[in-house]
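K.L.:
My structure is below; once you've seen it, I'll send some questions.
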There are 2 protein chains.
Amino acid sequence: MKRTNYAGLIDESYLGQTVTLQGWVQKRRDLGALIFIDLRDRKGLVQLTFADEFNSEALHAAEQVRTEYVIEVTGLVAAREGAINENMHSGKIEVQVQHLEVLATAKTTPFAIDDNVEASDDLRLKYRYLDLRRPQMQKNLILRSKITAATHAFLDANGFIDIETPYLAKSTPEGARDYLVPSRINPGSFYALPQSPQLFKQLLMGAGFDRYYQVARAFRDEDLRGDRQPEFTQLDVETSFMSQAEIMDLVNQWMVTIMDKAVGYDLDPAQIPTLTWQEAMDRFGTDKPDLRIGMELIDLSELMQNSTFSVFSKAVVDGGQVKAIVVPGAAQAYSRKALDQKVQYVERFGAKGLPWLKVTDEGINGPIAKFFADDSAALMEATGAQAGDLIVFAADQNPVVAATLDAMRRMFAAEQDLIDESQWAFAWIVDWPLFEYQPEEDRWISAHHPFTMPNEEDLSLLDTVEGAHQAHAQSYDLVLNGYELGSGSIRIHRMDIQQKMLRALGFTPAAAQEAFGFLLEGMEYGFPPMGGIALGLDRLAMLLAGTDNIREVIAFPKNSKGTEPMTEAPLPVAKIQLDDLGLQAPTYADIDAPNMAEE
Amino acid sequence: MKRTNYAGLIDESYLGQTVTLQGWVQKRRDLGALIFIDLRDRKGLVQLTFADEFNSEALHAAEQVRTEYVIEVTGLVAAREGAINENMHSGKIEVQVQHLEVLATAKTTPFAIDDNVEASDDLRLKYRYLDLRRPQMQKNLILRSKITAATHAFLDANGFIDIETPYLAKSTPEGARDYLVPSRINPGSFYALPQSPQLFKQLLMGAGFDRYYQVARAFRDEDLRGDRQPEFTQLDVETSFMSQAEIMDLVNQWMVTIMDKAVGYDLDPAQIPTLTWQEAMDRFGTDKPDLRIGMELIDLSELMQNSTFSVFSKAVVDGGQVKAIVVPGAAQAYSRKALDQKVQYVERFGAKGLPWLKVTDEGINGPIAKFFADDSAALMEATGAQAGDLIVFAADQNPVVAATLDAMRRMFAAEQDLIDESQWAFAWIVDWPLFEYQPEEDRWISAHHPFTMPNEEDLSLLDTVEGAHQAHAQSYDLVLNGYELGSGSIRIHRMDIQQKMLRALGFTPAAAQEAFGFLLEGMEYGFPPMGGIALGLDRLAMLLAGTDNIREVIAFPKNSKGTEPMTEAPLPVAKIQLDDLGLQAPTYADIDAPNMAEE
């Protein structure tokens, strides 16, 4: 039978009508002569009522029904006699069932289909089809779908062409480790799953498509952390002949559409601030500041260069900084012990301590207060601290100070409940360094990627490797609530500039040719000025869904061991599969199953 | 400078305006004091005119410009003084250039950017970014984008949720050979790139999503033929609680949207015929008949069972058939030699010959005419053949007859120009056999896939393996112009039926568990009735683009050796990459390039 509508959408407007519904049994209450079933589908719940007076066969059938059975019912929509539920779309009605058919039975599920039930991550993933029945997971994936739908609609309306680029691509020394795919036709050769469609989209601009986009899967074989997955999705855009400002405007309008369609939020692009990378580092100690939080970093280096507290004065003399954040009203919230414990945390950034002061009506106190007897007033003025505030300092080389105070700013804001969760704090970060120094490996790497165009005025710096490392780039990151949503740039479209970039990255001419020869050659045939951006769909969906775990917005994610617990992939394969590829692996599966025809 | 509009869109409405345009130099004619440039972008061409009287600097700059340079110009839109081109959107105007800037130079391209220039397939693919500049390739990919845009808009409006399923999945013995992806974290284990999202979409129905879709990449490691690629794209849909008829209706409406948005064709779903598989085989000898062609197969078995032509009578006695097609007006078009040559072609189907008769005003003639002296009138009546027609016969076992006459019907139609290329002949083929016999391997395989639901009345046939092989299925294929566009079915949602299906396919219970245990287990927790379809986007785009080569609608396809000639993927990789995976391969690349940061 064709359903009348979703169960969750049956309401007073159906009163007096006979409806047919299908769905899952959320709950059954058996009062003997009367049975109630809450029927669930993706739109919500409706109450089914079974009684002799409605239909005795249906009542008897309902006795056999259990939780998570799939049933079809036909019945009359009537006003509830009591127990009206105002929080439920169907809360004022019930369906008096005349016919019940069991479409599928169900064993007792390993966890209840309920947002409030806790189950281990791996159990949830093993029974993902049950986990996904929970209303919150339904909401999350539907939200994600709304983001992509808004993206398709917006970019299509703006003349962007949806072009698919290959997933069986070339392994290039770019970014993280590649996932490899052995070729059977060419034994010993491998495709690589792309880490992004970057090169292909540049080639599409070279081909004159002018406005490209793709909802593209990307792959990185990295060790997994909380918000990383082996495969992830990029909302990938590239344009020709547009300036950085024009692209940022376009992305702003796109975000307006997404925020409206996905969460019903009226985003005003004029309210999105643009910060230079330097300004973000200075004010927040990070290139992805959470602008929902105040507590900006205050530079006290000048004030402290002659401080009697040698930790401060020495840091400045050594070329470093003294900076502070003021945690409003937090003086009483933290004991000396509680603050000392945070030192362990900031040691990971290289900090050797976490000096602090409490401001009281009587002045400052704390273990280092004695050093500031003379310049207490100047300190108060510089920091703007008020009685009741806590001041937290970092004094070290600039990167240590930045990392320490960025982390403390976010930690204190969270602990003191100073983050307005209703806010969506977008920000653009621009004018990035082209390179960044990697101290662990003592080498310079691309701050974004090797195809990023330097600022016009820095082009001549690329004539030397050392100069190149000082250049800034036409790149722009979009930040939301302290997360990097996406990273964009104007790209290099000229071979001579691209060659200098690769040289500054340490490529010999031969290595550059081997890795990117096709791109360099392409640039000799008239590539247009181009730029674009890639937004992380998983992260955007995660933020809009209000979770901090990316797995909550992915239908079938991998766990932290790279395994998908439901199918148990990856698994050993049959030896013949490896033989076909000319490969030897440490183990084989004992598999001998027949082939089947294709759909 | 921001462009005023696309070059190809500048027309009389811009007369008297100063415009800024960017694009590629299609052609340059240098008349000394006057230079004409055709400027190209994705919307078309516009004529730029350079002369002293407009701007002498620009004129001099234009002297240096060559074909495929990328330029930016600013100039005045004026009426052409002569040489009006009615076939060109901008054909009545020219842009009198006041400023020219070269944005990128270009070497002489290996082939001209022109639809009429022939270049070898591999040369086109090696310089794909140039090949894609050709207007036809631009049109093809834009057409493809229109299909996906229409799909997103239609399915979103109909409550379908766009859900991404994993590309790093489990290798299952289903269909073709899997592409494998070695796992580094679990050495010796492999992911497989999915051959379709089939199992995941069924699990999503189990999860209650009710209406799922995805524009999904799929992967098959098969030997490559003309219309096959290692990776291809499916428009993949799945629904719960819908009948076959409801799903077919929905797909019809979807096709109406696509045909409208992609090619401006007003498709009337009421005109789409539904044929049973048996009817299609009987009338056309194929399960994907091209309904633009008449010439249906005429069954003459009864008439010929006592024929004096022993080839015919013996075929019937041996349990086979005699069937014929009538090629209208073709009697004079083919010599005896020309018809004899077709025998070689049909031998591949097992046919031992290709008997034929020509119908003239004087009666029938040809080498076998003498056998039909007596029943010539009956033959004319049965076939409806007229003077001037050619009758072509096949007499053999049914599959040989079907394959032979299907091929001949299409071949004669093409040769005799009997196909109306302006028609879009959709058809549904329903009521498929559940299994088909594979004579080469002497075994029974799924006609579609192992998750296809048998017809309700055939369910009890599944109690035995032999019975199962006789069952018919709730499956429905959509055919367009003789190509299978997509294949759909109602799926099995009950474990007991699924187990019987797998048994009938030759799976032991243990092998079934190993391959599909997660699905079988899921079905124990209340899976709803479900069904769906997957349409081949590449093939649909190919047909709507009017080409018969799938590579013409893919941005960066592989060639017939599985290689992408531009990047040369697949390639050997560094030994360390294989060591990381615990693999040994026959060759390694001598690669030692630095890593780079990620975008």
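K.L.:
For the range B:193-206, give me each residue that is open to solvent by 10 Å² or more (accessible area, probe 1.4 Å) and more than 9 Å from chain A (Cβ to nearest Cβ). Even if it seems obvious, please write down each step before you answer.
P.N.:
Going through the range B:193-206, the residues open to solvent by 10 Å² or more (accessible area, probe 1.4 Å) turn out to be B:194-196, B:199-200.
The answer is B:194, and nothing else.
K.L.:
Which condition number does residue B:387 fail, the rest of (1) of a type in the set (Gly, Ala, Ser); (2) outside any loop (DSSP other than H, G, I, E, B); (3) open to solvent by 40 Å² or more (accessible area, probe 1.4 Å) being met?
P.N.:
(2)
K.L.:
Let me ask another. Can you find a residue that is in the same structural domain as residue A:208 (by TED's automatic domain parsing), charged (D, E, K, R) and under 17 Å from residue A:254 (Cα atoms) anywhere in the range A:522-539? Working first, answer last.
P.N.:
Start the filter on the range A:522-539 by keeping residues that are in the same structural domain as residue A:208 (by TED's automatic domain parsing), which leaves A:522-539.
In the following step, the residues that additionally are charged (D, E, K, R) were identified as A:524, A:538-539.
Cutting the leftovers down to under 17 Å from residue A:254 (Cα atoms) gives us A:538-539.
Checked the range A:522-539: at least one residue is in the same structural domain as residue A:208 (by TED's automatic domain parsing), charged (D, E, K, R) and under 17 Å from residue A:254 (Cα atoms).
K.L.:
Hey, another quick one. Identify, please: which residue in the range B:294-306 is acidic (Asp, Glu) and in contact with a strand residue (DSSP E or B) (Cβ under 8 Å, 6 or more places away or on another chain) and is, among those, least open to solvent (accessible area, probe 1.4 Å)?
P.N.:
B:296
K.L.:
Here's something else I'd like to know. Which numbered condition in (1) in contact (Cβ under 8 Å) with a residue 40 or more places away in the chain; (2) more than 28 Å from residue B:230 (Cβ to Cβ); (3) part of a loop (DSSP other than H, G, I, E, B) is the only one that residue A:175 fails?
P.N.:
(2)
Rundown of residues vs (1) open to solvent by less than 60 Å² (accessible area, probe 1.4 Å); (2) touching a strand residue (DSSP E or B) at 6+ places or on another chain (Cβ under 7 Å); (3) within 14 Å of chain A (Cβ to nearest Cβ); (4) part of a strand (DSSP E or B), yes/no style:
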| residue | (1), (2), (3), (4) |
| --- | --- |
| B:19 | yes, yes, yes, yes |
| B:24 | yes, yes, yes, yes |
| B:32 | yes, no, no, no |
| B:39 | yes, yes, yes, yes |
| B:48 | yes, yes, no, yes |
| B:53 | no, no, no, no |
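K.L.:
Right, next: Going residue by residue through the range A:465-484, is there one that turns out to be among the charged types (D, E, K, R), at positive phi and at pLDDT below 95? Give the steps one after another, and end with the answer.
P.N.:
Taking the range A:465-484 as the starting set, the residues that turn out to be among the charged types (D, E, K, R) are A:466, A:477, A:484.
Keeping just the survivors that are at positive phi gives none.
No, that holds for no residue.
K.L.:
Among the residues of the range B:155-192 satisfying the criterion of being more than 7 Å from chain A (Cβ to nearest Cβ) and under 22 Å from residue A:215 (Cα atoms), which is surrounded by the fewest Cβ atoms within 10 Å (Cβ to Cβ)?
P.N.:
B:157
K.L.:
Further question: Farther than 30 Å from residue A:548 by Cβ and open to solvent by less than 70 Å² (accessible area, probe 1.4 Å): which single residue out of A:403, A:369, A:394, A:351 fits that description? Steps first, please.
P.N.:
Working: A:403 fails: farther than 30 Å from residue A:548 by Cβ; A:394 fails: farther than 30 Å from residue A:548 by Cβ; A:351 fails: farther than 30 Å from residue A:548 by Cβ.
Going through A:403, A:369, A:394, A:351 in turn, just one is farther than 30 Å from residue A:548 by Cβ and open to solvent by less than 70 Å² (accessible area, probe 1.4 Å): A:369.
K.L.:
Another question about this same structure. Can you list the helices (runs of 4 or more DSSP H) lying wholly within the range B:487-582 that have 1 or more residues being of a type in the set (Asp, Glu), closer than 18 Å to residue B:225 by Cα and open to solvent by less than 20 Å² (accessible area, probe 1.4 Å)? Don't jump to the end; show me each part of the working.
P.N.:
On the way: elements: B:495-504, B:509-522, B:537-545, B:575-581.
Per the criteria, B:537-545.
One line per residue, one yes/no per condition, for (1) among the acidic types (Asp, Glu); (2) under 29 Å from residue B:486 (Cβ atoms); (3) part of a helix (DSSP H, G or I):
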{"position": "B:379", "(1), (2), (3)": "no, no, yes"}
{"position": "B:403", "(1), (2), (3)": "no, yes, yes"}
{"position": "B:411", "(1), (2), (3)": "no, yes, yes"}
{"position": "B:421", "(1), (2), (3)": "yes, yes, no"}
{"position": "B:429", "(1), (2), (3)": "no, yes, no"}
{"position": "B:441", "(1), (2), (3)": "yes, yes, no"}
{"position": "B:459", "(1), (2), (3)": "no, yes, yes"}
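K.L.:
Can you name the residue in the range A:98-111 that is more than 12 Å from chain B (Cβ to nearest Cβ) and free of Cβ contacts under 8 Å to residues at least 60 places away in the same chain and, of all such residues, is surrounded by the fewest Cβ atoms within 10 Å (Cβ to Cβ)? Steps first, please.
P.N.:
Within the range A:98-111, the first condition is being more than 12 Å from chain B (Cβ to nearest Cβ), and the residues that meet it are A:98-100.
Narrowing further to those that are free of Cβ contacts under 8 Å to residues at least 60 places away in the same chain: A:99-100.
Values: A:99: 16, A:100: 24.
Once the filter is applied, the top-ranked residue is A:99.
K.L.:
Taking residue B:221 as the residue in question, decide whether it is at pLDDT below 95 and open to solvent by less than 10 Å² (accessible area, probe 1.4 Å).
P.N.:
Working: at pLDDT below 95: yes; open to solvent by less than 10 Å² (accessible area, probe 1.4 Å): yes.
Against the criterion (at pLDDT below 95 and open to solvent by less than 10 Å² (accessible area, probe 1.4 Å)), residue B:221 qualifies.
K.L.:
Does residue A:530 satisfy being closer than 22 Å to residue A:173 by Cβ, within 11 Å of chain B (Cβ to nearest Cβ) and of a type in the set (A, V, I, L, M, F, W, C)? First the steps, then the outcome.
P.N.:
Details: closer than 22 Å to residue A:173 by Cβ: no; within 11 Å of chain B (Cβ to nearest Cβ): yes; of a type in the set (A, V, I, L, M, F, W, C): yes.
No: the conditions fail for residue A:530.
K.L.:
Which condition number does residue B:250 fail, the rest of (1) within 14 Å of another protein chain (Cβ to nearest Cβ); (2) outside any helix (DSSP H, G or I) being met?
P.N.:
Evaluating residue B:250 over (1) within 14 Å of another protein chain (Cβ to nearest Cβ); (2) outside any helix (DSSP H, G or I) leaves (2) as the failure.
K.L.:
Let me ask something else. When you scan the range B:269-293, how many residues do you find that are open to solvent by 40 Å² or more (accessible area, probe 1.4 Å) and either aliphatic (A, V, I, L, M) or assigned by TED's automatic domain parsing to the domain that holds residue B:398 (or both)?
P.N.:
First, pick out the residues of the range B:269-293 that are open to solvent by 40 Å² or more (accessible area, probe 1.4 Å): B:270-271, B:273-274, B:276-279, B:281-283, B:287-288, B:291.
After this cut, where a residue has to be either aliphatic (A, V, I, L, M) or assigned by TED's automatic domain parsing to the domain that holds residue B:398 (or both) as well, the list is B:270, B:281, B:291.
Going through the range B:269-293 one residue at a time, the tally reaches 3.
K.L.:
Now, a different point. All but one of (1) assigned to a strand (DSSP E or B); (2) over 30 Å from residue B:328 (Cβ atoms) hold for residue B:258; state the number of the condition that does not hold.
P.N.:
(1) is the only condition that residue B:258 fails.
K.L.:
Sticking with this structure for a sec: Condition first: without any contact (Cβ under 8 Å) to a residue 12 or more places away in the chain, more than 8 Å from chain A (Cβ to nearest Cβ) and closer than 30 Å to residue A:516 by Cβ. Can you find one or more residues in the range B:120-133 that meet it?
P.N.:
The first filter runs over the range B:120-133 and keeps only residues without any contact (Cβ under 8 Å) to a residue 12 or more places away in the chain, leaving B:120.
Now restrict to residues that are more than 8 Å from chain A (Cβ to nearest Cβ): B:120.
The next check asks that each one be closer than 30 Å to residue A:516 by Cβ; those that pass are B:120.
Yes - at least one qualifying residue is present in the range B:120-133.
K.L.:
Answer yes if at least one residue in the range B:174-184 is modelled with pLDDT of 95 or more, in contact with a Gly (Cβ under 9 Å, 6 or more places away or on another chain), among the β-branched types (Val, Ile, Thr) and farther than 29 Å from residue A:155 by Cα, and no otherwise.
P.N.:
no
K.L.:
Name every residue in the range A:14-32 that is small (Gly, Ala, Ser) and in contact (Cβ under 8 Å) with a residue 24 or more places away in the chain, in order of residue number. Before you say what the answer is, go through the steps one by one.
P.N.:
Looking only at the range A:14-32, we keep the residues that are small (Gly, Ala, Ser), and these are A:16, A:23, A:32.
Of everything in the range A:14-32, those that are small (Gly, Ala, Ser) and in contact (Cβ under 8 Å) with a residue 24 or more places away in the chain turn out to be A:16, A:23.
K.L.:
Which residue, of A:483, A:476, is open to solvent by less than 50 Å² (accessible area, probe 1.4 Å), more than 9 Å from chain B (Cβ to nearest Cβ) and under 28 Å from residue A:274 (Cα atoms)?
P.N.:
On the way: A:483 fails: open to solvent by less than 50 Å² (accessible area, probe 1.4 Å).
None of the others qualify; the one that does is A:476.
K.L.:
Can you work out which of the residues in the range B:207-222 that are at the interface with chain A (Cβ under 9 Å from one of its Cβ atoms) and within 16 Å of the chain's Cα centre (by Cα) is nearest to residue B:488 (Cα to Cα)?
P.N.:
B:215
K.L.:
Assess whether residue B:553 counts as being over 30 Å from residue B:129 (Cα atoms) and of a type in the set (Val, Ile, Thr).
P.N.:
Details: over 30 Å from residue B:129 (Cα atoms): no; of a type in the set (Val, Ile, Thr): yes.
The answer is no for residue B:553.
K.L.:
Among the residues of the range A:101-146, write down those that are over 30 Å from residue A:58 (Cα atoms), touching a strand residue (DSSP E or B) at 6+ places or on another chain (Cβ under 8 Å) and hydrophobic (A, V, I, L, M, F, W, C).
P.N.:
Listed by number, the residues that qualify are A:125, A:141, A:142.
K.L.:
Considering B:447, B:425, which residue is within 14 Å of another protein chain (Cβ to nearest Cβ) and open to solvent by less than 30 Å² (accessible area, probe 1.4 Å)?
P.N.:
Numbers: B:425 fails: within 14 Å of another protein chain (Cβ to nearest Cβ).
Answer to the check: B:447.
The values are calculated or read from the model by the stated rules, or taken from the named source; none is laboratory data. What you see is a predicted model; the values in this text were computed from it and never measured. Cβ coordinates were reconstructed from backbone atoms using ideal geometry, including for glycine residues, and neighbour counts include every protein chain displayed. With ligands, DNA and RNA removed, areas are computed over all heavy atoms of the protein, side chains included. Shrake-Rupley method; radii C 1.70, N 1.55, O 1.52, S 1.80 Å.
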